[in-house]
Each structure stands twice: as structure tokens, then as C-alpha cells.
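Below is one structure; the comments refer to it alone.
The values are calculated or read from the model by the stated rules, or taken from the named source; none is laboratory data. Because the structure is a prediction, the values reported are computed rather than measured. Neighbour counts run over all protein chains shown; Cβ positions are idealised from the backbone, glycine included.
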Amino acid sequence: MINIQEIRKNDEVKNFLRVAEMQLSAQGFTEHSFRHVGLVSKMAGNILNDLEFSDREVELARIAGYLHDIGNAVNRTDHAHIGATLAYDMLLRMGMNVLDASEIMLAIGQHDEKTGTAVSPISAALILADKSDVHRSRVNNKKEVSTYEIHDRVNYAVESSKVNIDKLKKRAVLELVIDTEICPVMDYFEIFLSRMSMCRRAAEFLNLEFHLIINGASLL
């Protein structure tokens, strides 16, 4: 079975991520490259591991997490579907079997909130991991914070974000610490309400309740 270490070392994957970041940075998007995909990969695997899914599913979630944004190397628009196709072809060429490559393709193709939803455990874990990565380290803007538009301002305001899985209480909890002097909590909801709805559906697919805690207060 192809593992996450092989994916991380693969030159084609590295190049896709470099090109993707070059394009998105030029257009003013937040970081979608090595830091983001590494975190999403680890978190998606941890979610399924905490829920005691098989080692195979945990590893496929890690791989899907690492590859989920390679479609940005082509275009931000429809990047989920583009990335799913690129990943499937690449994984087959690397020697992965059709079933495993198909499950990764499916998860990647469903991770964008405009067109996707959780349809498998791997896709649900990918969605929860991807949509929870809001953090100031993702902001590429080098200008003064006071000049940031709302997307950069919201990301920059988030000092920490983490997803905790409580298997016994059947809960997925996204905890954020936000500097409200940089942006109010309502700005977070204005930008990310659709993502939180997607996380709720993903959690439900895994038979979990989704909860959002910001600065210690439970909001969802």
C-alpha cells in the first residue's frame, strides 16, 4: 500500500503544491501549500484514528488530506474536481490499487463547500480537518493588518484552532481562540458559516455532534 511518507517525498506532489501556492499567492489567497496540507493530512488521520477506523482508512485519510489541494496548481475554480482527477491518475501510476485511489479521489472531489459534502468516512474527516484550519500563519499579505480585507483579517485574528474528537460523548469540537481586537466573532461567521455547516454535516456522517467553541464560549 502506498503510504503518506511516499506521497510527501514524491517530486510530482511537491511540484503541484509549489505551483499551487505560487498561483494562489499571486491572487491574494491564504496559504494552501505544505503547511496547510501537512496539517490537514495529520488531522484527518487523527480523526479516524480517534474513532477507531481501520489502519487502511486512517492512512487513506492522511493521503487525501495531503493531496486535497493539488488542483489549485491548475485553477482555484473547480480545484476539488481537478485535484481529484490529478490525484487518481498519479496514485495509479505510483502503484496504488484502484479501490484505494478511488476512495481518495472521492474524498478530494467532495471537499469544497460549494459543491461537496461528506459521503464517506475519509471525505468526512478531510472536510473537518480542512475547514478547521483557520490561523494567522495562513495569511500571505505582508501589508499592515489595518489594511486587510475581511478574509485575511479573520484568518489573522485566529491565534489557535484545533479539532477534538470525543468518541464517548460522540462530539467533534472545533475550538478557536480569536483576537477580537483584530476582528469580531461575527466576522468569522460572515466568512465561514457555510464551512461550519459543512463541518456539521461531516460530523453527522461520522455519527458525531459538531460543536464550535470560540474564546471559551460554545456557539454551535
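Data overview
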item: Filter result for the condition that a residue is charged (D, E, K, R), buried (at least 24 other Cβ atoms within 10 Å of the Cβ), closer than 28 Å to Val154 by Cβ and modelled with pLDDT of 95 or more, over Asp112, Asp78, Asp69; result: Asp69
item: Only one of Ser137, Ser160 that is of a type in the set (Gly, Ala, Ser), outside any helix (DSSP H, G or I) and under 21 Å from Asn215 (Cα atoms); result: Ser160
item: Answer from Lys142, Lys162, Lys131 - the residue that is under 30 Å from Glu181 (Cα atoms), of a type in the set (Lys, Arg) and buried (at least 17 other Cβ atoms within 10 Å of the Cβ); result: Lys131
item: Residues of the stretch 103-123 classified as among the acidic types (Asp, Glu), without any contact (Cβ under 8 Å) to a residue 40 or more places away in the chain and either in a helix (DSSP H, G or I) or in contact with a Ser or Thr (Cβ under 9 Å, 6 or more places away or on another chain) (or both), total; result: 0
item: The stretch 180-213 - residue that is in contact with a strand residue (DSSP E or B) (Cβ under 6 Å, 6 or more places away or on another chain) and charged (D, E, K, R) and, of those, farthest from Ile127 (Cα to Cα); result: Glu209
item: Residue match in the stretch 83-91 (condition: surrounded by 15 or more Cβ atoms within 10 Å (Cβ to Cβ), within 22 Å of Leu39 (Cβ to Cβ) and of a type in the set (Phe, Trp, Tyr)); result: no
